[in-house]
Amino acid sequence: MIPDRIDITWIMLIGLALASLLIPPLIARPLLGNALLLAFAGLKGRRLVLDFLDLRAAPPLWRGFVSAWVLVVVLFAWLASAIVALV
């Protein structure tokens, strides 16, 4: 039995969630750790909107808007954490 896209996304989301739990104790530099955690969050967000919200079948303009929105949210969160770490 070949897993479909939803199953692969589900396994990837679980793997990224577990990695998000394991990464903070392993990385001593907060900016790098935050960047890695937020990259995982961005990957999870993109997979969620593409597969579970079925945006993969939507027009490219909608996929671009939603992907850009996920990227802006992740970059804003990283910028906020960077400002807190530097102050």
Exercise. Would a scan of region 21-28 turn up a residue that is within 13 Å of the chain's Cα centre (by Cα) and of a type in the set (A, V, I, L, M, F, W, C)?
Worked result: no
Problem set entry | Only one of LEU86, LEU75, LEU48, LEU61 that is of a type in the set (A, V, I, L, M, F, W, C) and surrounded by 13 or more Cβ atoms within 10 Å (Cβ to Cβ) | LEU48
For this session: Residues being over 14 Å from ALA35 (Cα atoms) and of a type in the set (Val, Ile, Thr): count how many of those fall in region 50-87.
Result: 3
Exercise. Is it true that some residue in region 19-31 is surrounded by 15 or more Cβ atoms within 10 Å (Cβ to Cβ), of a type in the set (A, V, I, L, M) and at pLDDT 90 or above?
Worked result: no
Seminar exercise, completed: Scanning region 1-45 residue by residue, those closer than 19 Å to SER81 by Cβ and in contact (Cβ under 8 Å) with a residue 40 or more places away in the chain turn out to be PRO30, LEU31, ASN34, ALA35, LEU38
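The values are calculated or read from the model by the stated rules, or taken from the named source; none is laboratory data. The structure presented is a predicted model; accordingly, all values stated were derived computationally and were not measured. Neighbour counts are summed over all protein chains in view; Cβ atoms, including those assigned to glycine, are modelled from backbone coordinates with ideal geometry.
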